[in-house]
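Q: Structure in structure tokens, see below.
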Amino acid sequence: MTPPSFALIVDDEPDIRELLELTLGRMNIETRSAADLAEARELLSQHRFDLCLTDMKLPDGNGIELVEHISAHHAKTPVAVITAHGNMEWAIRALKAGAFDFVSKPVDLHILRNLVNTALKVSESHPRLDRRSRNELLGDSKAMQRTRATIAKVARSQAPIYIGGESGTGKELVARLIHNKGPRANQPFVPVNCGAIPDELMESEFFGHKKGSFTGAGADKDGLFQAAEGGTLFLDEVADLPLQMQVKLLRAIQEKAVRPVGSATEQSVDVRILSATHKNLATLVEDGRFRQDLYYRINVIELHVPPLRERREDIPQLTEHTLHKLARQTGLDTPHITPGALKNLNRYPFPGNVRELENILERAMTLCEDNTIRTQDLQLPATAQTSLPTPGAFDSGQIQLEEHLGEIEKKAIQQALEQTKYNKTAAAKLLGLSFRALRYRLKKLGLE
């Protein structure tokens, strides 16, 4: 028979302590109670607890001091704080200090039970080893070692994580790893591209709707929050949310509840929020294009994914892995890449990061002869450095990398065709391509 879990309750109000003791007791959790920080520290020195619930305001200090003490001396014990209703500033401070999660007064027992069950899953399992993610988030550079260590740490918390980084660095992969290494791993991971949802459908997509609430609503429909119940909702390109939706999202995150379109009541939801964008959110806040209160709410902990140019030593490993993956997908033998081609990859700045590396290698596999990738097969943009967009163009969303590189390539091919009076064989020779390679590029760029 599984022994009961053991929880520490810290609150100076006897009624609250009794309520929490009864609730946890019904969940087969033994409890010890303390009325202040001193008594809590004494109990922690005497017993090993699987969970701690503490009020924010205590007679001899506050809950954040207890969070810091437990993080320093009892790191395997998750601690959640109980805050006054609407006091999100203190809740965020507690999360930044290392709290597992928070619950607001008056305590909703359904939310409390969800929190406790999730916290106990963290307590039961030690942090998963770094090497478990090494096969998924590739690279042995110091930058990637730090990233994997941070993922292992934040996976144990329920604090909202903001994943920053350039396009193509693998932000969704990082989000999935945070989910898979945490206590919600067996529950849904729901990714959503915020920029891909039409404004008029956004509220319904996020929160669901009731039958008849608008034209075309022929049946009740759950939203993304309900789909992610018990798991993780990943808001990719969160900077693309319109201001009106930012207000509603902020309320849903703070209240842990959503109101479907056409419903008179809210539904409580148990969802962890991860978000990401390649844009500079702080700049958008300064410009008034992103709400400051939402920014602070989703950016409790920031995790930066390094660009490929800052970890060049990982390029050979990423290249080998990508070629093996592409070969499996196509049923072909893994191609050999010459030292010269690999040297050129190591020198290239990769503005599109890992995603661009994968695209370059996929194209090279198609173009190469004798199953050997040579420098010319890589088709590295020779004019990329002289034709770069204006500073900040990528951050502002004015231009996308694939579009930019495609335009450069299209212009070069068009000039070669015009120069050779549309003789494809002659144009291919002028461009240093095989006839087959030119046909591939013409088809891809829509120039046929």
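The values are calculated or read from the model by the stated rules, or taken from the named source; none is laboratory data. What you see is a predicted model; the values in this text were computed from it and never measured. Backbone-built Cβ (ideal geometry, glycine too); neighbour counts: all protein chains shown. The accessibility values were calculated without ligands, DNA or RNA, using every heavy atom of the protein model including side chains. Shrake-Rupley method; radii C 1.70, N 1.55, O 1.52, S 1.80 Å.
Q: Here's a check for you: in the stretch 146-160, which residue that is over 12 Å from the mean Cα position of the chain (by Cα) and not small (Gly, Ala, Ser) is nearest to residue 102 (Cα to Cα)?
A: Result: 158.
Q: Answer with yes or no whether residue 204 is open to solvent by less than 50 Å² (accessible area, probe 1.4 Å), more than 24 Å from residue 303 (Cβ to Cβ), assigned to a loop (DSSP other than H, G, I, E, B) and modelled with pLDDT under 95.
A: When the stated conditions are applied, residue 204 does not pass them.
Q: Quick test for you: out of 413, 408, pick the one residue that is in contact with a Ser or Thr (Cβ under 7 Å, 6 or more places away or on another chain) and at pLDDT 75 or above.
A: 408
Q: Mind listing whichever residues of the stretch 268-278 are buried (at least 23 other Cβ atoms within 10 Å of the Cβ) and not aliphatic (A, V, I, L, M)?
A: Within the stretch 268-278, 272, 275, 277 qualify.
Q: Let me ask you something else. Which of (1) at pLDDT 90 or above; (2) open to solvent by less than 60 Å² (accessible area, probe 1.4 Å) does residue 176 not meet, given it meets every other one?
A: So residue 176 meets the others, but not (2).
Q: Give the residue that is farthest from residue 101 (Cα to Cα), with candidates limited to residues of the stretch 252-267 that are open to solvent by less than 20 Å² (accessible area, probe 1.4 Å) and not in a helix (DSSP H, G or I).
A: Among those residues, the one meeting the criterion is 260.
Q: Out of the residues in the stretch 28-79 meeting the condition of being of a type in the set (A, V, I, L, M, F, W, C) and part of a loop (DSSP other than H, G, I, E, B), tell me which one is surrounded by the fewest Cβ atoms within 10 Å (Cβ to Cβ).
A: 75
Q: Continuing with this model, one more query. Suppose the filter is open to solvent by 20 Å² or more (accessible area, probe 1.4 Å) and in contact (Cβ under 8 Å) with a residue 12 or more places away in the chain; does residue 289 pass it?
A: yes
Q: So which residues in the stretch 235-251 are part of a helix (DSSP H, G or I) and among the charged types (D, E, K, R), if there are any at all?
A: Result: 240, 248, 251.
Q: Part of a loop (DSSP other than H, G, I, E, B) and either closer than 19 Å to residue 276 by Cα or among the aromatic types (Phe, Trp, Tyr) (or both): which single residue out of 230, 182, 195, 218 fits that description?
A: 182
Q: Does any residue in the stretch 231-252 that is at pLDDT 95 or above and among the polar types (S, T, N, Q) come within less than 7 Å, Cβ to Cβ, of a residue that is in a helix (DSSP H, G or I) and buried (at least 20 other Cβ atoms within 10 Å of the Cβ) six or more places away or on a different chain, and which pairs are these?
A: 232/179; 246/294
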